[in-house]
1. Of 365, 351, 400, 390, which residue is closer than 27 Å to residue 4 by Cβ and not aromatic (Phe, Trp, Tyr)?
2. Taking the stated definitions as given, is residue 63 away from ligand 1 (no atom under 16 Å from the Cβ), of a type in the set (A, V, I, L, M, F, W, C), in contact with a His (Cβ under 8 Å, 6 or more places away or on another chain) and not in a helix (DSSP H, G or I)?
3. As an exercise: evaluate residue 403 against (1) away from ligand 3 (no atom under 16 Å from the Cβ); (2) outside any strand (DSSP E or B); (3) crowded, with 22+ Cβ neighbours inside 10 Å and give the number of the one condition it does not meet.
4. Being out of contact with any helix residue (DSSP H, G or I) (no Cβ under 8 Å at 6 or more places or on another chain), among the β-branched types (Val, Ile, Thr) and closer than 27 Å to residue 296 by Cα, is that true of even one residue in the stretch 393-412?
5. So which residues in the stretch 207-248 are of a type in the set (Phe, Trp, Tyr) and surrounded by fewer than 17 Cβ atoms within 10 Å (Cβ to Cβ), if there are any at all?
6. Test residue 181 against the stated conditions and say whether it is at pLDDT 95 or above, closer than 28 Å to residue 280 by Cβ and loosely packed, with under 15 Cβ neighbours inside 10 Å.
7. Take the residues of the stretch 125-170 that are of a type in the set (Phe, Trp, Tyr) and more than 21 Å from residue 1 (Cα to Cα): which is nearest to the chain's Cα centre (by Cα)?
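The values are calculated or read from the model by the stated rules, or taken from the named source; none is laboratory data. Since the model is a prediction, treat every value here as computed from it, not as a measurement. Because the Cβ atoms are built from the backbone with ideal geometry, glycine has one as well, and the counts that use them run over all protein chains shown.
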Amino acid sequence: MQTIKNYIHTHQQRFLNELFELLRFPSVSANPAHQPDIINTANFVAQQLVLAGADAVEVCQTAGNPIVYGHKIIDETLPTVLVYGHYDVQPPEPLELWHTPPFEPTIRDGKIYARGACDDKGQFYMHIKAFELMMQTNTLPCNIKFMIEGEEEVGSDNLGDFVIANKQKLKADVVLISDTSMISMENPSLETGLRGLAYMEVEVTGPNKDLHSGVYGGAVANPATILCQMIASLHNENNRVNIPGFYDNIIELNSAERKELNAAPFNLTDYKTDLGIDDVWGESGYTTIERTGIRPTLEVNGIWGGYTGVGAKTVLPSKANAKISMRLVPGQCWRNISDLFTAHFKAIAPPSVKVNVVAHHGGKPYVTPTHSIAYKAAQLAIEEAFGKKPVPTRGGGSIPIVALFEEELGIKTVLMGFGLDSDSLHSPNEKYDVFNFYKGIETIPLFYKHFTALSNQ
Ligand code: BES
Ligand code: MN
Ligand code: MN
């Protein structure tokens, strides 16, 4: 432990400078204009892996953004950890809401502000620095492989093919990911689940062109109004999703499991204050922790139509659109849910409009077994670094590729995230605490130590 702390202390400024370099690349995967930045970021990550001591470092081309691979095999008979992360980031918009520019990392109050600071550059970079630390202090106890992709924020379209085509190369005993949250640094936690996702886009079309709202309004269906009515009907009076079959097959938690989940520290008043809301909302009969962890949900991610420019224009729009996504829990299949949504949305449309529904990407939910050696190693590492046992939690977000790791590679994933839900992931002013960054670098080598020791027993 002292070796770890000393190494981090000696190199702390350089670690931060390097992370800042990484954060300056605007590697926005959703925007094709950033393609050159994506390539530059992948090359930078590859270079950092080489500098940290990795062998066989490659920037692997795919039909989309490249995947960075590198490894250190010290002994084929020892266990192997596969580290997964993503170097792409969400679009930073709306820019005017950032206090400092998203790609000029800035420290304020001990927090690094930048797009990707927490999701996921700041988090996967901890793994590269922990690896460097283990190499430099001769403490790497097992084999390590890195796979850092550039399409996580847009659905990891090409990672699946890469994994299937490279099963031998990616052979490992566990996947280790830092791309989730902890409750707080005082209440360290380990996420034991991720929700799945089904992402839909709908278009409601009324008349064959935009119309004068005085000449035609009241006599012709307004697609914006109809779309709002249809969307409003997707939740019932108990805020349950109103799509037939939506809750079928869900694997419910028993009361002991629910009790354990709700025992995690959570302060509803602070939660509301943080978000500037007077009350929470959600499915009747469930707590906020349950609503964001073990229950499926439906959200409108965007809605548009008609005139949204300056001033006023009296128009009855021809079309209205929305992007709608559903978070899924174990038992739900995203393809099936996408089909149920499509059928239902078409069925509730009045004859005065036409509806088109497109299913975008989806992903399966995932639950980490808590009896595995790898999970125990993560528990022990956190306990040693934080002086406190981690609480198991269920994360609300999704990392769809995790289920595929299990299906195609046959390996389980441990989600050892060091972010906070309040780090403004995907929002303006995303941040990551400098403290969490160093704490992660301190905890990761302990994971390797415990994982190797437990594997040898
Ligand atoms: N790192 C997040 C997922 C996450 C965040 C999990 C916090 C648990 C806690 C990841 O980068 C992400 O944003 N995933 C997307 C899914 C993807 C298909 C766009 C998400 O959850 O919306
Ligand atoms: Mn992420
Ligand atoms: Mn994300």
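1. Going through 365, 351, 400, 390 in turn, just one is closer than 27 Å to residue 4 by Cβ and not aromatic (Phe, Trp, Tyr): 390.
2. No: the conditions fail for residue 63.
3. For residue 403, the exception is condition (3).
4. Within the stretch 393-412, one or more residues are out of contact with any helix residue (DSSP H, G or I) (no Cβ under 8 Å at 6 or more places or on another chain), among the β-branched types (Val, Ile, Thr) and closer than 27 Å to residue 296 by Cα.
5. Of everything in the stretch 207-248, those that are of a type in the set (Phe, Trp, Tyr) and surrounded by fewer than 17 Cβ atoms within 10 Å (Cβ to Cβ) turn out to be 216, 247.
6. So residue 181 does not fit the description; no.
7. 146
Yes/no matrix, rows are residues, columns are (1) in contact (Cβ under 8 Å) with a residue 40 or more places away in the chain; (2) part of a helix (DSSP H, G or I); (3) not charged (D, E, K, R):
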position	(1), (2), (3)
384	yes, yes, no
432	yes, no, yes
447	yes, yes, yes
450	yes, yes, yes
